[in-house]
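Peer 1: Dropping the structure in here first, questions after.
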Amino acid sequence: MHRYAKQLETLSLVSDCLSKNGDTREILFQILRLLEKNLGLVRGTILLLSSDGKNLTIEAVHSADNEIDTDIRYQWGEGIVGGVVSNGQPMIIPKISQEPLFRDRIHQRRKSLNEEISFICVPIKIEHEIVGTLSVDLPFSNENNLSQELKILQIVSSMISHDVNSRRTASRQREALEAENVRLRDALGENFRPENMIGNSKSMHDVYTRVHHVCTADTTVLIRGESGTGKELIASAIHFNSPRKERKYIKVNCAALSENLLESELFGHEKGAFTGAIAMRTGRIEEAEGGTLFLDEIGEISMSIQVKLLRFLQEKEFERIGSNNTIRADVRIIAATNRDLEQAIVDNAFRKDLYYRINVFPVFLPPLRARKEDILPLANHFVSKYSSKNKKNVRRISTPAISMMMEYHWPGNVRELENCIEHAVLVCYDGVIHGYDLPPTLQMPSYSEIKFNGKLKDRTDALERDMIIDALKHTNGNVNIASKELGITSRMVRYKIERLGIDYKQYLNLTDDTQ
Ligand SMILES: Nc1ncnc2c1ncn2[C@@H]1O[C@H](COP(=O)(O)OP(=O)(O)O)[C@@H](O)[C@H]1O
Ligand SMILES: [Mg+2]
């Protein structure tokens, strides 16, 4: 092909290169390669001026014969390239052997090559400012039309400069935006993250922000979310970041006690108030004076206790059971529930007025499956927690095990993940957690896999099994609550547990309700 046609074709390829997205240096390198491959312009080098304008550093370099030390710098005005930058004019050197100013520091041609070389260097300009140089070698020949080659290089240089400029502007804008974002986030307290809380997902940051906003006030907080999402952790984070942090933090699990016991647990009783009340007892509300009372599973309390609690929330007053003496207490209330309280109101199981009292500032904890990016950081956190607890040296989680965890839908949320890692650390023998170290639930083909192949009976069984296991996990193995969730009788659930061979005791272990 005629040289002129070759040159045109090369320019069009350079333009294609520049239209690609990607790393600037890689794109510039591809352009230098094109110049060599198509036009025989070898050892292409692009130098850019440092931001203080003192040095030229290598932005991209192409060399077929030498390993290049990319740390080499030229000073402004030094050698040929430094001169091109300082006076803004291109340079043609027909024979480098006859040019005393030619430093040859980057490619060190005089050391390794015998042939005579011509050298062309053009400035790279952004508007009128010179920001760098583009230079190439050409084996010396009398046939060469060096001023023609120079023109091509000038075109390439101006194409590059447009690109360098727009990428620089874009990256400067991006940096400015990021800095602004960080500033705003700081101002909003969004960088606040309670100690012990792992997870950087957007939805968890929203949670941290809400916690940050509410912790300094005395506002009642209602924490909502499925079982195992970290409600208790958030409750303690609110207390320990509040002005009450030096005072008591008292937890009451409202689902763990019968109605009578819960009443006396909360409000206390006088001696002889009821059979068995052999001594006076102060309630948890009194105990929490000046501090915080965390009412876990508030959705489970009976209607009659709801009335008493409402009174306390409204008046800050109550009486011990069997006493007429009204007691005042300064206690901040944090409540948590995984129950659909709005539905409970419709079902007449939860008082609307109490709901309005506690729902002043709701914080919603998203289920783990809705923030998959938190799975790996949490898993790593639990790996180090349980390996040091068990004095085992578990270094990492294998890729297949990670995929299994990412695939899984975690109906028991972070608590289930924690149990799963605790188990895996125990059985792990070679310092790596493998897929087979994870519990069988993560390995079982899920309903979605079976539903496409298998008989109708197998498919419905698989679906039933999945639904029942999920419900048991949600409810920490409580068949009665699970049956409500599933909309069938608890007798039916027990029958199905038996028939489908579900080991429901395993889900009892998911609970942390030891308190
Ligand atoms: N974001 C988190 N970072 C670290 N551990 C967590 C996180 N969320 C939950 N956990 C752990 O998971 C378990 C269950 O959390 P918990 O607060 O008891 O859940 P919930 O009260 O919603 O059922 C606890 O051992 C808790 O420490
Ligand atoms: Mg809990």
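Peer 1: Roughly how far apart, in whole Å, are the Cα centres of region 38-72 and region 381-413?
Peer 2: For region 38-72 versus region 381-413, the Cα centre distance is 46 Å.
Peer 1: Something else about it: Quick one: Karplus J couplings for region 273-281, per residue in order, coefficients 6.51, -1.76, 1.60, θ = phi - 60°, nearest Hz, x for Gly and Pro?
Peer 2: 5, 8, 4, x, 7, 7, 9, 5, 9
Peer 1: Would you mind checking which residues have amide H under 5 Å from ALA277's amide H? H placed 1.01 Å from N; only 5 or more apart, or other chain.
Peer 2: Amide H neighbours of ALA277: GLY272.
Peer 1: In what order, largest first, do GLU116, GLU127 sit by accessible area if the probe radius is 1.4 Å? Spell out each step's value before the answer.
Peer 2: Values: GLU116 50, GLU127 155 Å².
Output order, biggest surface exposure first: GLU127, GLU116.
Peer 1: Shifting gears a bit: Hey, for a label at LEU8 modelled as a point 7 Å past Cα toward Cβ, could you say which residues of region 114-149 have their backbone N under 18 Å away?
Peer 2: 148-149
Peer 1: Another one. Near the amide H of ALA60, under 5 Å away, which other amide H atoms are found, from residues 5 or more places off or on another chain, if H is placed in the peptide plane?
Peer 2: ILE46
Peer 1: A further question on this structure: Looking at the square roots a ≥ b ≥ c of the eigenvalues of the Cα gyration tensor of region 285-360, which shape do they give, rounded for a/c under 1.5, prolate if a/b is larger than b/c, or oblate?
Peer 2: It is prolate, given that a/c is not under 1.5 and a/b is the larger ratio.
Peer 1: So, one more: Let's test this: bin the Cα-Cα distances of the chain at 20 Å from zero up to the farthest pair and state each bin's percent.
Peer 2: Bin by bin from 0 Å, the calculated values are 17, 31, 23, 20, 9, 1.
Peer 1: Follow-up. Would you mind getting me the FRET efficiency between LEU508 and GLU178? Use the beta-carbon distance for r and R0 = 60 Å, nearest 0.05.
Peer 2: FRET efficiency, LEU508 to GLU178: 0.80.
Peer 1: Counting Lys and Arg as +1 and Asp and Glu as -1, what is the net charge of the other residues whose Cβ lies under 12 Å from the Cβ of ASN196?
Peer 2: Values: positive: ARG193, LYS385; negative: GLU195, GLU232.
So the surrounding residues net to 0.
Peer 1: Additional query: Label 7 Å along Cα→Cβ of LYS352; region 327-345 residues with amide nitrogen under 17 Å?
Peer 2: What the label zone holds, given the 17 Å backbone N cut-off, is 341-345.
Peer 1: Net charge near HIS474, counting Lys/Arg +1 and Asp/Glu -1 over other residues with Cβ under 13 Å of its Cβ?
Peer 2: -2
Peer 1: Name the shape class, rounded, prolate or oblate, that the alpha-carbon gyration tensor gives for region 332-475, where a ≥ b ≥ c are the square roots of its eigenvalues, rounded holds for a/c under 1.5, and otherwise prolate holds if a/b is larger than b/c and oblate otherwise.
Peer 2: On the way: a/c = 2.93, a/b = 1.34, b/c = 2.18.
The shape class here is oblate.
Peer 1: Could I ask something else about it? Would you rank TYR504, TYR408 by solvent-accessible area, highest first, keeping every protein chain in place and using a 1.4 Å probe?
Peer 2: Values: TYR504 80, TYR408 20 Å².
Descending order: TYR504, TYR408.
Peer 1: Ignoring everything but the protein chains, give the 1.4 Å probe accessible area of PHE274 in square angstrom, nearest 10.
Peer 2: 90 Å²
Peer 1: Per-residue HN-Hα couplings for region 384-394, Karplus 6.51 cos²θ - 1.76 cosθ + 1.60 at θ = phi - 60°, whole Hz, x for Gly and Pro?
Peer 2: Listing the rounded values in order: 6, 4, 7, 6, 6, 4, 9, 6, 10, 9, 9 Hz.
Peer 1: Between the helical axis of 456-474 and the dominant principal axis of the chain, each derived from Cα atoms, what acute angle in degrees is found, rounded to the nearest 10?
Peer 2: The answer is roughly 80 degrees.
Peer 1: Indicate the gyration tensor shape class of region 257-398 (rounded, prolate or oblate), computed on the Cα atoms with a ≥ b ≥ c the square roots of the eigenvalues: a/c under 1.5 is rounded; otherwise a/b larger than b/c is prolate and the rest oblate.
Peer 2: Values: a/c = 2.74, a/b = 1.75, b/c = 1.57.
Taking the square roots of the gyration eigenvalues as a ≥ b ≥ c, region 257-398 is prolate.
Peer 1: Can you tell me the FRET efficiency between ALA344 and ASP458 if r is taken as the Cβ-Cβ distance and R0 is 30 Å, rounded to the nearest 0.05?
Peer 2: Efficiency, from the Cβ-Cβ distance: 0.25.
Peer 1: Counting only other residues whose beta carbon sits under 10 Å from that of ALA279, what net charge do I get with K and R as +1, D and E as -1?
Peer 2: Charge balance near ALA279 sits at +1.
Peer 1: What are the ³J(HN,Hα) couplings of region 60-75, residue after residue, when phi is run through the Karplus curve with 6.51, -1.76, 1.60 and θ = phi - 60°? Round to Hz, x for glycine and proline.
Peer 2: 7, 8, 10, 8, 7, 10, 10, 7, 9, 7, 6, 7, 4, 10, 10, 8
The values are calculated or read from the model by the stated rules, or taken from the named source; none is laboratory data. All of these numbers come straight from a predicted model, not from anything done at the bench. Note that we place each Cβ from the backbone using ideal geometry, even for glycine, and neighbour counts take in every protein chain shown. Just so you know, the surface numbers come from the protein's heavy atoms only, side chains and all, with ligands and any DNA or RNA stripped out. Shrake-Rupley method; radii C 1.70, N 1.55, O 1.52, S 1.80 Å.
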